[in-house]
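Some notes on the structure that comes next.
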Amino acid sequence: MLGAHWTRVIRGKKKKKTNCGILLFFLRKLEGFERDLGFFCDIQPWLCGFRMLGGAMVVVRRRRRRAAPGPLLPTPPLPAAGGDSPAVPGRPPRPPMSQGPSPAAELPPSYCLPGRAAALAAAFIAWRRGSPGRGPALRALSRARRQDIDDVGHKYHLEFVLEDIFEKDSTVNCTAEVLYHLGNKNAAPDVQFTIEGELKNTDEADNLFYNRIKSLKNELVAENVPDSYGNVPPEMEPIRALAWAASGYVIWQNSTENTKYQLAQIKHVKQVKRSDEYLEFDYKILLHENVSQEIIPWQMTVLWHPQHGTEVTQNSRQPQHV
């Protein structure tokens, strides 16, 4: 039988009953033809049939037969995390997913965060390359970029100019990378630097200072360098430069992304006699923390030799009343 989707009834007159009977005869022939061949519904999407219902002729619209569902196709496997999708015939392969740190973003050199990183890098260089005859210091930051590394920290790519605390006109260009670690406040930042050019040679000045201190009959003692007016006696310049280099180590070890330290003053320094070749000094210094505007007393024990550089063997933050 023909299934009905919708039905319309057309009222006819008695004289048309004979014609409806003839149509019903041909309809039954067509239904038999469909059953025999099994493809009549594919010949025409919609098949109209006729059927007698009382004294009316019924027009019946047939639906297209739906094809039987075929077998389910296997689902392609999901790619592993971070891997490539499986190849699809006729489609170019998908490019691999990018992994690793985000690209470095440019920052204004006047911005506070790269300024702190540059001050830290300059302090680190002062510790590694400073001496009684040389005091590298930050003069100007020319370019800064910041890179956020997931689960690691923030890395700053810096380009700046160094000057000498003794000779302001003696400058050198420098690049550095400073990485502040996330989560671990006790871990010192990673600092790598490259000096473009040569720092001034201080071998002669360093050797003169070394021999002078070694020849002293009494241990050197001094206070308030520089004084309240910013004056430094010429004979104390090497002592101040050595404190500048040693404080670079303290600054590096205690810096975070939210701090900016600088040596403000030597409150007290005393030479410690040794039987070996090193010079030893016990310093009480004041560090200026620029962000909080705090003046922090700090103690550090410093060893120095012209061929071996500066070494801080002990340092500690002191109470404010000291």
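The values are calculated or read from the model by the stated rules, or taken from the named source; none is laboratory data. As the structure is a prediction and not an experimental result, all values here were calculated from the model. Backbone-built Cβ (ideal geometry, glycine too); neighbour counts: all protein chains shown. Note: accessible area is taken over every heavy atom of the protein model, side chains too, but ligands, DNA and RNA are not part of it. Shrake-Rupley method; radii C 1.70, N 1.55, O 1.52, S 1.80 Å.
Of all residues in segment 160-175, those satisfying the criterion of being surrounded by 14 or more Cβ atoms within 10 Å (Cβ to Cβ) and of a type outside the set (S, T, N, Q) are 160, 161, 162, 163, 164, 165, 166, 172, 174. Would you confirm, using the coordinates I've provided, whether residue 271 is open to solvent by 70 Å² or more (accessible area, probe 1.4 Å) and either of a type in the set (Asp, Glu) or at negative phi (or both)? Taking the combined requirement at face value, the residue does not satisfy it. For segment 176-194, how many residues meet the condition of being buried (at least 16 other Cβ atoms within 10 Å of the Cβ) and part of a strand (DSSP E or B)? Residues that pass the stated criteria total 8. For segment 146-158, a residue qualifies if it is on the phi < 0 side of the Ramachandran plot and buried (at least 18 other Cβ atoms within 10 Å of the Cβ), and the qualifying residues are 146, 155, 156, 157, 158. Screening segment 250-322 for strands (runs of 3 or more DSSP E) wholly inside it with 2 or more residues that are farther than 26 Å from residue 214 by Cβ and either among the aliphatic types (A, V, I, L, M) or touching a Pro at 6+ places or on another chain (Cβ under 9 Å) (or both) returns the ranges 261-272, 279-289, 294-305. Taking the numbered list (1) of a type outside the set (S, T, N, Q); (2) in contact (Cβ under 8 Å) with a residue 40 or more places away in the chain; (3) closer than 21 Å to residue 104 by Cβ; (4) not in a strand (DSSP E or B) in turn, residue 200 passes all entries but (3). Would you call residue 255 among the hydroxyl-bearing types (Ser, Thr, Tyr) and in contact with a helix residue (DSSP H, G or I) (Cβ under 8 Å, 6 or more places away or on another chain)? Spelling it out, residue 255 is indeed among the hydroxyl-bearing types (Ser, Thr, Tyr) and in contact with a helix residue (DSSP H, G or I) (Cβ under 8 Å, 6 or more places away or on another chain).
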